[in-house]
1. Which value, in Å², gives the accessible area per residue of the chain when a 1.4 Å probe is used on the protein heavy atoms?
2. With only alpha-carbon atoms in the gyration tensor, what are the semi-axes of the equivalent ellipsoid for the chain, in Å, largest first?
3. Provide the packing ranking of 403-411, 74-82, i.e. peptides ordered by the mean count of other C-beta atoms within 10 Å per residue, highest first.
4. If you find the alpha carbon centre of region 394-413 and of region 139-168, how far apart are they in angstrom?
5. Let me know the shape class of region 135-256, please: from the alpha-carbon gyration tensor, a ≥ b ≥ c as square roots of the eigenvalues, rounded when a/c is under 1.5, otherwise prolate if a/b is greater than b/c, or oblate.
6. Filter the cross-link list LYS196/LYS262; LYS279/LYS359; LYS374/LYS520; LYS445/LYS519; LYS262/LYS329; LYS190/LYS240 down to pairs whose alpha-carbon distance in this structure exceeds 20 Å.
7. Just want to confirm a number: the relative contact order over region 233-281, from Cα pairs under 8 angstrom separated by 6+ residues, in percent.
8. For the pair ARG527 and VAL278, how long in nm is the line joining their label points, each one 7 Å along Cα→Cβ?
Amino acid sequence: RLDAKIVYNVVEHLQELAINKIDLDTKGIAFERFMQDFFKGKMGQFFTPRPIVEFAVKMLNPERTDLVLDPACGSGGFLLNAMDLVKKFAEENYDEKEAWEHWHNFAMHNLYGIEINDQIARVCKMNMIIHDDGHTNVISTDSLRDFREITDIHKGFRKEYFDLILTNPPFGAAVKSTEKNYLEKYDLGKGRKNQKTEIMFIERCIEFVKPKTGRIGIVLPDGILTNSSLQYVRNFMMEKCQILAVVSLPQFAFTHYGAGVKSSLVFLRRKSENEKSVKYPIFMAIADHIGYDATGREDAENDFDKIYEEYKKFTREEKLHIDVDWENKVFSINRDEIGKRADAYYYQPRLARLDKKIKKSRYEIKPLRDLSTKIINGLDFREFAETGIPYLRVSNIKPNAFDLTDIKFIPEFSISKDIKLETGDLLITRKGTYGVAVVVDDEHKDMVISSEIFRVILKKDNINPYYISVWLNSDTAKQMFDRISTGGIMGHLSQDALKNIQIILPSLEIQTKIAEEVKKRISEAERLKAESSRIIEEAKKKVEEIILGG
């Protein structure tokens, strides 16, 4: 479709290069550089950052005989890195001719990809041709459709056929029964009007790999691992598979590529048909540094290297060699410890020790639900006024204090009186900067809160609300909140989780003493802050007088 002059111009630039002799890394970088604008914006969803891809491939360690599939292959990153790993092995262990045959046969016959977007599928094929072929087993279709329909397109895509799956499925979209007739054929889709694509992909990946030996490396949003409403998905996954490893990715992992969902890499082995559930260890890790930062710029630190080395020890049943700084980033738990969560963050040793630490207290311990009469979500407003009722958002709530520097107002007539705040109410942020608590005083009553804040109406007997606020803003409580928060674009607290937060409850006399001491310290801090502002202003005026000669 290109004009002949354009083709001529391109060939003229490239004709001096022996492209087939350029190493894969250089060609990969060149391809990504030329295509970077194409992958920005809407196309960002088709591109998984290279450090994540390389780490996932190393974890599953594909061999020459493995059949490898990516059912959401995008530009082909997982497939090409699998090929690169096999190529490096061949070049280190065989002579030049044998090495070429070894990895080239793997590229031609063992790499399979499915991409629903036809334009991106063509990009993937082009990428694979540049990297010495393997494009013939890339097709454009819906990976979730009936198996027979996929096989009709290409006979190689069969059920229970593949040794390895490496994939980053699309997040957030929903398969609707009114639009797709295959929803009812999935165990995770039966009886539902719609189901999220990432959940459907879990089941489809399990169907694609061989029973007993087939392994899967998949990027999943943390909500699948944490949300109580998705427990049935975790149950299905653990019934069908052995969890090999869960590696938590940082919040910013996909931000530069247009996605902000907190995610983890989950590695699974499909069980055989009659395989019974047994106790087994699960490798857990938390990657804070992954080779690039939130802007996409290179980060010299990369936790993946250490995590991979420790995982190799884990697979050899060796003891993990973790120092103090890493004991909460790499660890293992037993399968029977998996309860209502399956994310690595929840099982960190430091958080797991919290319960024991709290139970050692000499004072009574009660969940928040026993200390409150009601926990209420706030309301969502989008239309604001110049004046009216102050509307509190997360940014207006600070530990034990209010910040009204950027306050919004809603019209008086838009709400009923019974949703206005009352003196003594406890407010707790539930989304983003979650778990921050403050008590409503006379000055701030009659305000209204957003849906991202909980309003807790405490019981009156033997409870000082200011003490409860102080406890919830403590470092120990912050760790508890971190443990019970669930994933998504940003962490958040569910009302059920908040009800179960543990409160150490000394006598009312001690509560009041603690609360008054904290109030005194806050007041002193505010005074010093005001004093420092005054001193700075005086210094600025003095400088102006000197400069201007006033």
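The values are calculated or read from the model by the stated rules, or taken from the named source; none is laboratory data. Just so we're clear, the structure is a prediction, and the values are computed from it rather than from any experiment. When we count neighbours, we look across all protein chains shown, and the Cβ atoms used for this are built from the backbone with ideal geometry, even at glycine. Just so you know, the surface numbers come from the protein's heavy atoms only, side chains and all, with ligands and any DNA or RNA stripped out. Shrake-Rupley method; radii C 1.70, N 1.55, O 1.52, S 1.80 Å.
1. Per residue, the chain has an accessible area of 53 Å².
2. Values for the chain, descending: 50, 30, 25 Å.
3. 74-82, 403-411
4. Value for the Cα centre distance between the two parts: 53 Å.
5. Values: a/c = 1.42, a/b = 1.19, b/c = 1.19.
Verdict is rounded for region 135-256.
6. Too far apart for the 20 Å limit: LYS279/LYS359; LYS374/LYS520.
7. Details: 49 pairs, mean separation 19.2, N = 49.
Over region 233-281, the number comes to 39 percent.
8. Output for this residue pair reads 6.9 nm.
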